[in-house]
Amino acid sequence: MTAQLSIDVQSVSRKYVSKKGQEFWALRDASLQVKAGELFGLLGPNGAGKTTLIKILSTLLLPTSGTARVAGFDVVREGDRVRRVINMVSGGEHSGYGILTVRESLWLFSQFHGLPSKVAMERIDELMEVVGLTEHANTRVNKLSTGMRQKMNFARGFLNDPKVLFLDEPTLGLDVETSRILRSYVKRWLKEKPGRTILLTTHYMAEADELCDRLAIIEGGRILACDTPANLKRTMQDEVVLRVEVYPAVEDASRLAQLPGVLRLVPDRGQNGQQLLTWGLKDDGAIGTVIQALQQDGVRILRLEKADPTLEDVFMRMVGRRLTDGNGQATSS
Amino acid sequence: MATARQPAPEAAAAGPQLGAGGAAAAAAPEPLRIDLPELTLWQRLLLNLRAARARAYVRVVATGRELSWLAFEVAMPILSAAAYVYIYEALGAPPRYTGFVLLGGAMTAYWMNVLWAMASQFYWEKQSGLLETYFLAPASRVALLLGMASGGIFMSTSRAASTLIAGSLIFGVRYEVVSWPLAILAFVLTLSALYCLGMLFSSLFLMYGREAWHMSNALQEPVYLASGFYFPVRALGFWTALGASVIPLTLGLDAMRQLMFGAPDIAFLPVGWELLGLTVLTVVYFVLALRALAAMEHLAKREGRLTLKWQ
């Protein structure tokens, strides 16, 4: 039996033109296929093109070129149908009208999807229970904390029981416990609703690793790789990942990147004088060379770890900088 | 500082690589096609009525929950009207002028509502990130605007009625109603045309952004003058009053004054013509609003104006 594609993106590009006539390509020739039932992640730093792609798929934005289908419907020509089967949650988005209560607010959004009020109220009760908002059901939205608002936004995304759900940084700015609850519900929802598909954008590596069946690494509007987290990490098996925390920060990282056996060095920007240096090494033999060079530099090694490769390492290898560090820059031999 | 190793060409060029274990490589996936029949007319109507009701609900609820409006939106129009009432009394104008002023003062609630809660609403909702939630849903945008309008009418009617009742008691206004049905018809047609204009504005304001939004400020006071909120518009002269009739309140106020105070001598146009004019304005503004809405949506999606974020 062949898998069915829930999302099919073919060579989609999206260009923005500023008022001064400057062009900016948010997406370049992106192709992507997501099977029904998958939880698919888009992993990339801010400005990589993740949100642009989601907006195109959710009919909020027209592609400059290329085609995209969601649940089999063309997002440009069959937008009406696409909107009947999707929903989206964006992290940090506005939560609605402050004067309404949580229950009223969720009801309001359910009505835009045409849910009969009785059905809507039942779902709202269920979802408020899931996200832990039941006791705040009659609290006005403008009295909620940021975390509670985000929980409400999250619940809103599931109201119409979408076939395809777009989660755009859904845990952005949330505390660890709340994020855990939401991630756990996402997994449960997919399990309980076979055939539903989730496209998740995140720049939290651990979240992508924990949730996604497959993911694409996106940077500068291009999709650089697309595979399961395990397979992506497996591409790093020919390397040794070494993380060293030092004090004070090294002054000239480029010298450390030129050492024999070093494939790559990504220094972070450092905090309170401390700095985390992540090396990609050809083999264990280069570890000693690195430590020796650090000692020669007169820095103190606070922590040293030979680590299993993470998605962040995969990202660093492909892009040359940390996912979470917009300005970080890698050095290599 | 040297840059990092560039992504391997094969990785950069990697299109879709399906599935763990590459199971899909053996059997190419087919596009999913959900059986999703076209909505029937009834289903579509029900969806849009629900959406309109929900959007109206926000404003209906706001009327009851934020009672601060009583102080600002009832007391202030009465105070504004009071100045004109005393001027007219000092000049020895007929008592019905007090009624003219009060009616104009009450109708300011609708003009303010159209400017600040209809015309500017989409723009504000875009700024707050709510607009994309609307456009993501299957409900028609017209339904949302109609909901916004009907909620706004409810909200403004409570303000206008409060102003009218309180003002009538304070200033002892005497009504000489010529025809209740015609007066009600004039009122309904005025609101229809006015809120269709509001729907048109909401798309235009969104398309042209903050510059257009400032139009709300620019339009507020001049329309009080041009539409004759505090005096019979005939005083402006025929051609000026005719030009001002693009704002439905000009014809509406004049017709209502004629019908509620039995004052044909102050008429700009006969009531029949004014009702016809309001009907034409309703149709024209509604059609233009639909077109502007479609154009705005297309433009917004093409240029990425529905949201504030670029990435």
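Longest exposed-loop-site-free stretch of chain B, with GluC sites (Glu not before Pro), DSSP loop and at most 16 other Cβ within 10 Å? Intermediate values should be presented prior to the final figure.
Working: sites that count: B:38, B:66, B:176.
No qualifying site falls inside B:177-311, the longest such stretch.
Give the relative contact order (percent, whole number) for chain B; include only Cα pairs under 8 Å separated by 6+ residues.
Working: 354 pairs, mean separation 70.0, N = 311.
That works out to 22 percent.
What do you get for the angle between helix A:117-131 and the principal long axis of chain A? Use alpha-carbon atoms, 0 to 90 degrees, nearest ten. For A:117-131 against chain A, the angle is about 30 degrees.
The residue among B:157, B:295, B:260 whose Cα reaches farthest toward the positive pole of the charge dipole of region B:50-303, with charges on the beta-carbon of Lys, Arg, Asp and Glu, is B:295. This ranking places A:52, A:178, B:108, B:279 by how few other beta-carbon atoms lie within 10 Å of each, fewest first, which gives B:279, A:178, B:108, A:52. Using the Cα gyration tensor of region A:235-332, with a ≥ b ≥ c the square roots of its eigenvalues, what is the shape: rounded (a/c below 1.5), prolate (a/b larger than b/c) or oblate (neither)? Judged from the Cα gyration tensor, region A:235-332 comes out oblate (a/c at least 1.5, b/c at or above a/b). If both residues of a DSSP beta bridge must be in the protein assembly as shown, then about 70% of such bridges are antiparallel. The order of B:44, A:83, A:300, A:222, going from fewest to most other C-beta atoms within 10 Å of their C-beta, is A:300, B:44, A:222, A:83. In this rough spin-label picture, where each label sits 7 Å from Cα along the Cβ direction, the residue B:63-residue A:308 distance is 6.2 nm. On the beta carbon distance between residue B:33 and residue A:191, with R0 = 22 Å, the FRET formula returns roughly 0.35.
Counting 0.36 nm for each residue step from residue B:221 to residue B:40 and taking away their Cα separation leaves a gain of 60.6 nm. Pairs of Cα atoms nearer than 8 Å and 6+ residues apart set the relative contact order; for chain A it is 18 percent.
Relative to the Cα centre, what is the charge dipole magnitude of region B:50-303, using +1 at the beta carbon of each Lys and Arg, -1 at the beta carbon of each Asp and Glu, and rounding to the nearest 20 debye?
Numbers: 16 positive and 13 negative charges, 123 e Å.
Around 600 debye, computed over region B:50-303.
For residue A:275, neighbours were defined as the other residues whose beta-carbon sits under 10 Å from its Cβ, and their charges (Lys and Arg +1, Asp and Glu -1) total -1.
Relative to the current alpha-carbon distance between residue B:239 and residue B:170, full extension at 0.36 nm per residue lengthens the span by 21.3 nm. Among the listed pairs A:50/A:306; A:50/A:187; A:118/A:163; A:233/A:306; A:55/A:193, which are separated by more than 27 Å between their Cα atoms? The answer is A:50/A:306. Ordered by the count of other Cβ atoms within 10 Å of each Cβ, fewest first, B:261, B:100 give B:261, B:100. Between residue A:18 and residue A:117, the FRET efficiency from the beta-carbon distance, with R0 = 45 Å, is close to 0.50.
Taken together, the values in this text are just the output of simple stated rules run on the coordinates, not laboratory data. The model shown is predicted, which means the values in this text are computed figures rather than measured ones. Ideal geometry is used to build each Cβ from the backbone, glycine not excepted, and the neighbour counts take in all protein chains shown.
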